[in-house]
Amino acid sequence: MKIAVLPGDGIGKEIVAEAIKVLGRLGLKFEFEEAPVGGAGFEAAGDPLPAKTLALARQADAILFGAVGDPRYDALPSARRPEQAILGLRKELSLFANLRPAQVYEELADASSLRPEIVAGLDLLIVRELTGDIYFGLPKGIRQHESGGREGFDTMRYTEAEIRRIARVAFEAARKRGKKVCSVDKANVLETSRLWREVVAAESKSYPDIALSHMYVDNCAMQLVRNPKQFDVIVTGNMFGDILSDEASMLTGSIGMLPSASLDANNKGLYEPIHGSAPDIAGKGVANPLATILSAAMMLRHSLDQAAAAERVERAVKKTLRDGYRTADIYTAGTRKVGTAEMARAVAERL
Ligand code: NAD
């Protein structure tokens with residue numbers, strides 16, 4: 001199992017190193033190869049996604065990614081900014097399916113901005129299409145308008161094939177969970193959404209064991225804060241998914257807890273925490289490594305066919321929280337405040 005290790009910038013380096021230590025304790029055979037990406041890639045090769053890094057990512061069975069971005073590079077032209085690396089990897093490797101679980105551990109229910117009884121035990125998965133929609137649709141631009149002044153325009157588009165393949169990812173994922181898929185669109189207004197709804201409904205015929213429902217995106221945004229536990233799997237397009245998945249992440253209280261996977265058609269994937277490089281705490285040894293450790297668990301499950309090992313890691317994380325270990329971002333009075341390395345060590349000891 002060859003893993004491309006791309007720590008990136010800021011806390012990326014600290015948390016990825018800890019996740020690798022946890023993987024090392026599983027007694028499995030991994031080959032880790034590290035390469036610079038983001039600001040580190042720019043420093044090493046003048047490119048946020050150096051050719052060698054991309055070649056390694058292509059070759060590997062899976063990619064463990066930290067985070068990219070640093071205020072030092074904010075003045076660079078957009079093609080050279082660290083954040084381009086992640087967009088480049090998604091595009092070059094056709095990582096079209098973004099899986100973002102949002103789980104609320106009972107022990108952390110108080111950390112949410114919603115009342116504990118609304119979120120305690122929450123376990124939902126957002127499946128977001130990642131390579132199509134209005135973010136990539138052409139034409140787009142800013143042009144002179146005949147009435148004088150300029151107008152900006154983008155194009156929302158999805159092909160049937162793109163909708164079908166993301167729908168399948170959602171139905172397959174639901175099969176391993178609560179067997180419910182809610183497809184989110186704006187079919188009351190958008191043609192793209194009308195096609196989306198039609199294709200998802202047709203595809204669901206191949207999954208008679210899965211209950212499919214449809215919801216408009218504005219309603220879904222509301223339902224996520226009203227009664228988030230009604231959802232099992234949500235499947236949606238790139239833009240709606242971008243917004244809803246950030247909303248869902250905050251239900252859990254801490255950005256430092258949430259993993260993600262971005263998969264291609266063969267379940268090869270890039271695994272990363274949903275947070276960024278956190279320059280404000282980089283180098284201090286206080287970052288929460290659990291999102292990255294849980295991303296490594298997703299990697300074991302989805303790309304490396306090691307579901308049992310994935311469960312061991314997830315159980316160890318739960319036990320660590322139950323035993324009271326907390327990094328600063330999830331700390332509450334009466335628990336034990338630890339740094340990045342100690343948190344990861346506690347997980348490794350509980351495997
Ligand atoms: P951020 O996620 O880096 O940080 C937001 C806040 O959450 C900060 O206060 C930070 O200290 C805290 N935080 C984040 N992760 C944490 C962790 N593991 N443990 C404890 N606290 C944590 O978002 P930002 O500050 O908006 O962005 C910083 C940089 O990261 C920017 O350059 C941005 O472009 C980049 N970014 C990268 C990715 C990515 O690599 N996929 C994603 C988001 C942002």
Note, ³J(HN,Hα) from phi for region 54-67, Karplus 6.51, -1.76, 1.60, rounded to Hz, x at Gly and Pro: 5, 4, 4, 4, 5, 6, 6, 7, 7, 10, 9, 10, x, 7
Under the Karplus curve 6.51 cos²θ - 1.76 cosθ + 1.60, θ = phi - 60°, whole-Hz ³J(HN,Hα) for region 37-43, x wherever Gly or Pro sits: 8, x, x, 5, x, 4, 5
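Counting only other residues whose beta carbon sits under 14 Å from that of Y158, what net charge do I get with K and R as +1, D and E as -1? Kindly include the intermediate steps, with their values, before the conclusion.
Values: positive: R128, R157, R164, R165, K186, R194, R197; negative: E129, D133, D154, E160, E162, D185, E191, E198, E203.
After counting each charged neighbour, the total is -2.
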Value of relative contact order over the chain, rounded to a whole percent, pairs C-alpha under 8 Å and six or more apart: 21 percent
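Quick check on my link table: of K2/K319; K52/K179; K205/K319; K52/K176, which ones sit more than 31 Å apart, alpha carbon to alpha carbon?
Distance filter (> 31 Å) returns K52/K179; K205/K319; K52/K176.
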Viscosity 1.567 mPa s, temperature 4 °C, Stokes-Einstein D of the chain from Kirkwood C-alpha radius, µm²/s: 62 µm²/s
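Report the convex hull volume per residue for region 63-120, counting only C-alpha atoms, in Å³.
152 Å³
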3J(HN,Hα) from dihedral phi, region 317-323, Karplus parametrisation 6.51/-1.76/1.60, rounded to Hz, x for glycine, proline: 5, 4, 5, 4, 5, 4, 7
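Whole number please: convex hull volume per residue, Cα atoms of region 1-124, in Å³.
It is 148 Å³ per residue.
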Ascending count of other beta-carbon atoms within 10 Å, so fewest first, for F42, F65: F42, F65
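Every number in this text was worked out from the coordinates using simple rules, so none of it is lab data. Everything numeric here is computed off the predicted structure, so don't read it as measured data. Heads up, the Cβs are rebuilt from the backbone with ideal geometry, glycines too, and the neighbour counts pull from every protein chain shown.
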